[in-house]
Amino acid sequence: MTTGEPGTEAAVTNSGTDQDAVLNFTIPRGDTGSAPPLSLLSSYSTPPQPGTSGTALLFDQNGTSYGSDISHTAGSAAFTINTPGVYAVSFHGAMSPASGVTFPLNVTLTLQQNGAAVPGGTALHNFHTSSDTANLALSVPVTVSSAPSTLQIMPSGGSFLYSSIGMTVCRLGNIPSQS
């Protein structure tokens, strides 16, 4: 078998006789194609900020950003998904109890899509002392069937301080069709 150039016709030739055929196949190579464009956005915030139950975490800086499928305004909580598809969302951050809270203090961070909890998108820690610090993280795929769609990290449980937070949203591709 011989591999032909992309766009050429497949061919079969006989290099033997009619009684003892030796068939030689030429099959064209497929086009290489191109990878889909990279689309991601990362945001972060490093200085400690006060957090309270029901008030979404704020990301004061935007980091790496490619494409227009995801947008975020520096200093805001909302990440906007502008194109339907499947996205990977990862979050990390340091949490500690605010002064004057009652222990134990259970702080839960939940990734929300359009105000609803994303299944599997939760991280939590139960604080027992004022000197306790926890690094919380979550990583979860999110399906966006219609755009625009909003993602944010919503805390519950009480007052706390958060710092060194970061969130990256990356478009993985189109939503696969169900057969």
Quiz item: Within the stretch 90-110, which residues are over 21 Å from S42 (Cβ atoms), touching a Pro at 6+ places or on another chain (Cβ under 9 Å) and open to solvent by less than 60 Å² (accessible area, probe 1.4 Å)?
Solution: S96, A98, L105, V107, T108
Practice problem: Check off (1) crowded, with 16+ Cβ neighbours inside 10 Å; (2) touching a residue at least 40 places away in the same chain (Cβ under 8 Å) for Q113 and give me the number that stays unchecked. | Solution: (2)
Quiz item: List the pairs whose first member sits in the stretch 94-105 and is under 8 Å from F160 (Cβ atoms) and without any contact (Cβ under 8 Å) to a residue 60 or more places away in the chain, whose second member is part of a strand (DSSP E or B) and of a type in the set (A, V, I, L, M, F, W, C), and whose Cβ atoms are under 6 Å apart, counting only residues at least 6 apart or on separate chains?
Solution: L105/F127
Practice problem: Determine, yes or no, whether Y87 is open to solvent by 40 Å² or more (accessible area, probe 1.4 Å) and under 30 Å from S146 (Cβ atoms). | Solution: no
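Okay, residues lined up against (1) β-branched (V, I, T); (2) on the phi > 0 side of the Ramachandran plot:
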{"residue": "T83", "(1), (2)": "yes, no"}
{"residue": "L105", "(1), (2)": "no, no"}
{"residue": "Q113", "(1), (2)": "no, no"}
{"residue": "G120", "(1), (2)": "no, yes"}
{"residue": "P148", "(1), (2)": "no, no"}
{"residue": "P155", "(1), (2)": "no, no"}
{"residue": "F160", "(1), (2)": "no, no"}
{"residue": "V169", "(1), (2)": "yes, no"}
{"residue": "L172", "(1), (2)": "no, no"}
Practice problem: Please indicate, with yes or no, whether at least one residue in the stretch 34-57 is surrounded by 12 or more Cβ atoms within 10 Å (Cβ to Cβ), closer than 30 Å to D132 by Cα and aliphatic (A, V, I, L, M). | Solution: yes
Quiz item: Out of all the residues in the stretch 135-166, which are farther than 12 Å from P97 by Cα, open to solvent by 40 Å² or more (accessible area, probe 1.4 Å), part of a strand (DSSP E or B) and hydrophobic (A, V, I, L, M, F, W, C)?
Solution: A137
Quiz item: Which residue pairs have Cβ atoms closer than 8 Å, lie 6 or more positions apart in sequence or on different chains, and pair a first residue in the stretch 116-128 that is more than 14 Å from L105 (Cα to Cα) and modelled with pLDDT of 95 or more with a second residue that is open to solvent by 70 Å² or more (accessible area, probe 1.4 Å) and among the small types (G, A, S)?
Solution: none
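The values are calculated or read from the model by the stated rules, or taken from the named source; none is laboratory data. This structure is a prediction, so every number in the text was calculated from the model and none was measured. So basically every Cβ, Gly included, is an ideal-geometry build from the backbone, and we count neighbours across all protein chains shown. Just so you know, the surface numbers come from the protein's heavy atoms only, side chains and all, with ligands and any DNA or RNA stripped out. Shrake-Rupley method; radii C 1.70, N 1.55, O 1.52, S 1.80 Å.
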